[in-house]
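Presented below is the structure to which this report refers.
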Amino acid sequence: MKQFAGRVAVAMAAGLMAAGAGATDLEQVYRDALSYDAALAGARASLEAGREKLPQGRAGLLPSLNLTGNSNWNKVDLNHYDVSRGYNGNGWQVQLSQPLFRWQNWVQYKQGEMQVALAEAQYQLARQDLTLRAAQAYFDVLVAQDVLSAANALHEANTQQLALAKKSFEVGTVTITDVHEAQSRADLSSAQVIAADSDLAVKRHALAVITGKEPEILKGLRKGVALSRPEPFDIQSWVTSAESGSYTVQAAQIAREISDREVERNRAAHLPTVDLVASYGNAMSSTAPISTATSPVVRTDTDTTVVGVQLAMPLFQGGAVSSRVREATALRDKASADLDNARRTSAQNARQAYLGVTSGLAQVRAFEAAQVSSRSALDANKLGYEVGVRINIDVLNAQSQLYDTLQKLSKARYDTLLAQLKLKAATGTLGDDDIKAVNALLD
């Protein structure tokens, strides 16, 4: 186990020496995630598909042009004359139809505009989610690195304390109980190093799933960096912004407007439609005798041009139109409920993120103070052990307390940074500039 801990320590030292040259920062991880993440790629494809709703809706307002053709063989039996005739008929027609009044088509066009806006909001929501996932994975790796570093330091300290206990036992200044306690703590810290190393490997792989890469070295927070509080420093301002600015709310609001239009579109099926119709066609046929009766061959070649206005008035369709109106109305009520839920959820997310930032800042200050006091307590217990006023278990406990505080301080810092990003996301304002701002805090 000592060899394993030594290898880890050497690897971490080598990594720190190389950090200045090849370390990866949060901004680089974010750029890699933008180009690699499968979930965002799917959202990007959905956006492209959603944008096609506009030309599809516009098509219902534009003219349509159709070409038809036919070729038929016809046989006619004249039973009274005992004569059979056959002829071949060929024809083609070009028809133009321009809607003049189709209210449902106009409503569908307006729905297409809204569906494009919905696709845009959903894509921005997916991109915002990627930003948070990339930051979460990045910070998870940093926390795991700090945990491994603290576990190694604790194991080294416990190992030294074990050696000291054995030496003291040999000269008769401590009992065998002190040696067993030191051995127990050394073995426990050894297991903690193994668990921390395994957790770091898992966190690195989770980052690679998002970015397609597994960087060796990640930049961490600069020493002594001060984390800023939310601006404005007022929870209600953030809650109000979230209730209207969140992409989840924006998407739900657009979906509500689309459902309004859907009710209108289905009701428009009761209205008449008016189309301008124009067609041009040609028909040719040749009649020839089939029976023994003699008859001349008759050929016809006819061109037809038609221009007019066509009115269609729906009268009764089995109740289908009324049923679709009721269905659309129910779905509109659902969309309204979804919008209310989105607003409440976004407000709750803003409150939670805001409190995460403020409480995180308080925890960071508390753990920083605890770090100083824990280190002082460790030094005092070591000195007390040397002069015989403290026992071995006091030193071991003080060491565990110090390194536990270091781990919690590290996690509190990164949790606070992530809460700041989540707060921006709750209001729909999280963007590339926020990643750059956090990245500027890294060393």
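None of the figures in this text is laboratory data; all of them are computed from the coordinates on show. For clarity, every value in this text was computed on a predicted model and none was experimentally measured. Because the Cβ atoms are built from the backbone with ideal geometry, glycine has one as well, and the counts that use them run over all protein chains shown.
What the table shows:
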| read-out | value |
| --- | --- |
| Cα-based shape type of the stretch 200-249, given that a ≥ b ≥ c are square roots of the gyration tensor eigenvalues and the cut on a/c is 1.5 | oblate |
| Residues Ala41 and Ala437, FRET efficiency given R0 of 35 Å [Cβ-Cβ distance, rounded to 0.05] | 0.85 |
| Under 20 Å from the Cα of Lys53 - aspartates and glutamates, other chains or at least 8 residues apart | Glu113, Glu120, Glu257, Asp260, Glu262, Glu264 |
| Residue order, fewest to most beta carbons within 10 Å, for His155, His205 | His205, His155 |
| FRET efficiency estimate (nearest 0.05) - Cβ-Cβ, Val307 to Thr358, R0 60 angstrom | 0.25 |
| Straight-distance crosslink candidates among lysines, where the alpha carbon sits under 29 Å from Lys167 and sequence neighbours closer than 8 are dropped | Lys2, Lys382 |
| Efficiency of FRET from Cβ geometry, Ser279 and Val321, R₀ 30 Å, rounded to 0.05 | 0.55 |
| Descending principal axes extents, the chain, alpha-carbon based, whole Å | 140, 53, 41 |
| The chain - mean residue ellipticity at 222 nm from DSSP helices (-39,500 (n - 2.57) per run, n ≥ 4, rounded to 500) | -24500 deg cm²/dmol |
| Subset of Lys213/Lys424; Lys203/Lys411; Lys223/Lys436; Lys166/Lys408; Lys223/Lys411 violating a 21 Å alpha-carbon distance limit | Lys213/Lys424; Lys166/Lys408 |
| C-alpha long axis of helix 247-267 to longest principal axis of the chain, angle in ° | 20 |
| Exposure proxy order (Cβ contacts within 10 Å, fewest to most) of Leu67, Leu40, Leu227 | Leu67, Leu227, Leu40 |
| Normalised contact order of the chain, rounded percent, pairs of Cα under 8 Å and 6 or more residues apart | 24 |
| Under 17 Å from Lys334, Cα to Cα: lysines that are on another chain or at least 8 residues apart | none |
| Where trypsin sites (Lys or Arg not before Pro) fall in DSSP loop in the stretch 135-219, at most 15 other Cβ within 10 Å | Lys213 |
| Proxy reagent accessibility, fewest Cβ within 10 Å first, across Lys436, Lys424, Lys75 | Lys75, Lys436, Lys424 |
| Cα-based helix-to-principal-axis angle, 320-387 vs the chain, degrees rounded to 10 | 10 |
| The stretch 129-238: relative contact order in percent, alpha carbon pairs under 8 Å with at least 6 residues between | 34 |
| Coil-residue chymotrypsin sites (Phe, Trp or Tyr not before Pro) of the stretch 61-99, DSSP, other Cβ within 10 Å capped at 14 | Tyr81 |
